[in-house]
């Protein structure tokens, strides 16, 4: 006897043996039991979820010799002939081949004749969305009012292409995709009956690769049995599918935690040696980040029977939830960018390096980089003391500052030009960064905080998101190893880790010792640098408007032409 593939051998022959479509089975079973039969059914869903199988089971239920029933006997001549595809009153039509209106008219002309053997003449039209518009129009009347002995069962993978006039005449059932646990459980049952050994991990791989299709899963299982010479082993299934072993991904994350770039590159080289798909690797990496986030926020949702459960929970405790979200985004965007990369391995490596660049900062990362570290211990580093002239001229040195109050307009630009030059000369002589160069004579005492965050922030030299974060904060306290800032909850979106890390590093350089940064979300009591800068801009704008309105030429033009000054068009002249 010739071998029969598993997808055909294990095709369900009754509603009870159908897997994963309980909502459709329940509706059809109740309708058959109550004799509430519709004249047209439409089954929709992706490939391999049971559309044609349901149509055949429904045909058996309608034509079983025991009567219309939800449990056909399966042994009468009608049931056996339907199972073998020889029942003359079951007409299966492939709409992808018979798309023309003439073929549909010929089919409908035969519908008026009574069934030869069965109780009903059942028309199963597969991939019905492939019919032409003329063919759909030709079947509308018959589909709405067919003869009593005719039942239509339509099946399609793309219901959006079916005219609404056809949809309104059918009882529609949407078949769901199979979940991986459901598929792996069914595969386990089949292998137990067939007497074939299999690994649970191998069945999980086959279930995920089937993408919700039971028929695809059975076809892959056939291939895996042949590939493994009668057994289903995880390593052989991975070789067959070309899937990425999770050990590679765990090794990448372990190297990421250890700050080991070379280790991450070695994993990429090992994957290239085995010709693994880097696109699939990034897909699996995004899925792993998803499971890690679930393990962090809802560990009870991780199934106990999951093979890597312990490893997953242990790894989840070593990452920040924010980085898990960022890592997921990096993996997803890295996969999108693969077609634009010089080659897939280069794109994959750049994605790994991007993960490393935005990795969580370790305890040692808060210290200044080697180029900025002082030669002497932090306690012996002389601290700058701000001269009174610097404090008095601070409003002028700030680009956002308004009109100076301690200097005249003519003196302010001159000082703004001389102060950076003097600071650069001192920096060159003392060999220290200009951001921390004192203007006055240095002392040996540790650096003290003036408490004025408005003076400290410009001296940090930060830019971008770090500067934006700092401008919306106020200084609360500075301790020996920690500095505390306060940020309004309205600006919590600025509290991203790269900006905090950059601001923390700048503060450590400024104070001359490693500092950890803590930002408390609370209502800010006082004006932040951003509020102060906005107020000064507003004051400058009001002064510019008032100055323009008092100009004699402008007043004459207003009086002569009955003109109006558009205040939004007035820009104050910069004093820097």
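The values are calculated or read from the model by the stated rules, or taken from the named source; none is laboratory data. In this text the structure is predicted, and so the values were computed from the model without any measurement. Every residue, glycine among them, receives a Cβ derived from its backbone with ideal geometry; neighbour counts consider all protein chains shown.
Tell me whether the stretch 65-75 contains one or more residues that are in the same structural domain as residue 126 (by TED's automatic domain parsing) and touching a residue at least 60 places away in the same chain (Cβ under 8 Å).
Within the stretch 65-75 (the criterion being in the same structural domain as residue 126 (by TED's automatic domain parsing) and touching a residue at least 60 places away in the same chain (Cβ under 8 Å)), the answer is yes, since at least one residue qualifies.
I'd like to verify a number: residues in the stretch 21-52 that are outside any helix (DSSP H, G or I) and farther than 22 Å from residue 146 by Cβ, how many?
The total comes to 7.
Grab the strands (runs of 3 or more DSSP E) fully contained in the stretch 463-529, keeping just those with 3 or more residues being modelled with pLDDT of 90 or more and under 23 Å from residue 322 (Cα atoms).
Qualifying strands (runs of 3 or more DSSP E): 482-487, 516-521.
Does the stretch 150-160 contain any residue that is touching a helix residue (DSSP H, G or I) at 6+ places or on another chain (Cβ under 9 Å) and either farther than 25 Å from residue 90 by Cα or assigned by TED's automatic domain parsing to the domain that holds residue 210 (or both)?
yes
Would you check if residue 79 is surrounded by 13 or more Cβ atoms within 10 Å (Cβ to Cβ), closer than 19 Å to residue 11 by Cα and free of Cβ contacts under 8 Å to residues at least 12 places away in the same chain?
Considered against the rule, which asks whether it is surrounded by 13 or more Cβ atoms within 10 Å (Cβ to Cβ), closer than 19 Å to residue 11 by Cα and free of Cβ contacts under 8 Å to residues at least 12 places away in the same chain, residue 79 comes out as no.
Residue 490: in the same structural domain as residue 468 (by TED's automatic domain parsing) and more than 21 Å from residue 477 (Cβ to Cβ), yes or no?
On the way: in the same structural domain as residue 468 (by TED's automatic domain parsing): yes; more than 21 Å from residue 477 (Cβ to Cβ): yes.
Here the answer is yes, as residue 490 does meet what is asked.
Name, by its number, the condition in (1) surrounded by 20 or more Cβ atoms within 10 Å (Cβ to Cβ); (2) under 30 Å from residue 47 (Cβ atoms) that does not hold for residue 292.
With (1) surrounded by 20 or more Cβ atoms within 10 Å (Cβ to Cβ); (2) under 30 Å from residue 47 (Cβ atoms) applied to residue 292, the lone miss is (2).
Here is a list: 504, 495, 534, 471. Which entry is surrounded by 14 or more Cβ atoms within 10 Å (Cβ to Cβ) and farther than 30 Å from residue 356 by Cα? Talk me through it step by step, then tell me what you get.
Values: 504 fails: farther than 30 Å from residue 356 by Cα; 495 fails: farther than 30 Å from residue 356 by Cα; 471 fails: farther than 30 Å from residue 356 by Cα.
Result: 534 is the single residue among 504, 495, 534, 471 that is surrounded by 14 or more Cβ atoms within 10 Å (Cβ to Cβ) and farther than 30 Å from residue 356 by Cα.
As an exercise: evaluate residue 68 against (1) at pLDDT 90 or above; (2) under 27 Å from residue 47 (Cα atoms); (3) part of a loop (DSSP other than H, G, I, E, B) and give the number of the one condition it does not meet.
(2)
Consider residue 302 carefully, then state whether it is free of Cβ contacts under 8 Å to residues at least 60 places away in the same chain, touching a helix residue (DSSP H, G or I) at 6+ places or on another chain (Cβ under 7 Å) and more than 26 Å from residue 181 (Cα to Cα).
Judged against the criteria, residue 302 is not a match.
Give the residue, chosen from 62, 18, that is within 44 Å of the chain's Cα centre (by Cα) and either assigned to a loop (DSSP other than H, G, I, E, B) or under 18 Å from residue 170 (Cβ atoms) (or both).
On the way: 62 fails: within 44 Å of the chain's Cα centre (by Cα).
That would be 18, the only listed residue that is within 44 Å of the chain's Cα centre (by Cα) and either assigned to a loop (DSSP other than H, G, I, E, B) or under 18 Å from residue 170 (Cβ atoms) (or both).
Go through (1) closer than 16 Å to residue 180 by Cβ; (2) at pLDDT 85 or above; (3) in the same structural domain as residue 338 (by TED's automatic domain parsing) and name the single condition residue 237 misses.
(3)
(1) surrounded by 15 or more Cβ atoms within 10 Å (Cβ to Cβ); (2) modelled with pLDDT of 85 or more; (3) in contact with a helix residue (DSSP H, G or I) (Cβ under 7 Å, 6 or more places away or on another chain): which one isn't true of residue 322, the others all being true?
(1)
What about residue 55, is it out of contact with any helix residue (DSSP H, G or I) (no Cβ under 9 Å at 6 or more places or on another chain) and surrounded by 15 or more Cβ atoms within 10 Å (Cβ to Cβ)? Reasoning before the result, please.
Working: out of contact with any helix residue (DSSP H, G or I) (no Cβ under 9 Å at 6 or more places or on another chain): yes; surrounded by 15 or more Cβ atoms within 10 Å (Cβ to Cβ): yes.
So residue 55 fits the description; yes.
Looking only at the stretch 245-268, decide whether some residue is at pLDDT below 85, more than 28 Å from residue 354 (Cβ to Cβ) and outside any loop (DSSP other than H, G, I, E, B).
Checked the stretch 245-268: no residue is at pLDDT below 85, more than 28 Å from residue 354 (Cβ to Cβ) and outside any loop (DSSP other than H, G, I, E, B).
Of the numbered conditions (1) over 30 Å from residue 573 (Cβ atoms); (2) touching a strand residue (DSSP E or B) at 6+ places or on another chain (Cβ under 6 Å), residue 528 fails exactly one; give the number of that condition.
(1)
Out of 229, 217, 202, which single residue is farther than 22 Å from residue 44 by Cα and either under 29 Å from the mean Cα position of the chain (by Cα) or in the same structural domain as residue 126 (by TED's automatic domain parsing) (or both)?
Details: 229 fails: either under 29 Å from the mean Cα position of the chain (by Cα) or in the same structural domain as residue 126 (by TED's automatic domain parsing) (or both); 217 fails: farther than 22 Å from residue 44 by Cα.
Of 229, 217, 202, the one residue that is farther than 22 Å from residue 44 by Cα and either under 29 Å from the mean Cα position of the chain (by Cα) or in the same structural domain as residue 126 (by TED's automatic domain parsing) (or both) is 202.
Please tell me if residue 342 is over 25 Å from residue 238 (Cα atoms), in contact with a helix residue (DSSP H, G or I) (Cβ under 7 Å, 6 or more places away or on another chain) and loosely packed, with under 13 Cβ neighbours inside 10 Å.
no
Being modelled with pLDDT of 90 or more and either part of a helix (DSSP H, G or I) or surrounded by 18 or more Cβ atoms within 10 Å (Cβ to Cβ) (or both) is true for just one of 285, 312. Which residue is that?
Numbers: 312 fails: modelled with pLDDT of 90 or more.
Being modelled with pLDDT of 90 or more and either part of a helix (DSSP H, G or I) or surrounded by 18 or more Cβ atoms within 10 Å (Cβ to Cβ) (or both) holds for just one of 285, 312, which is 285.
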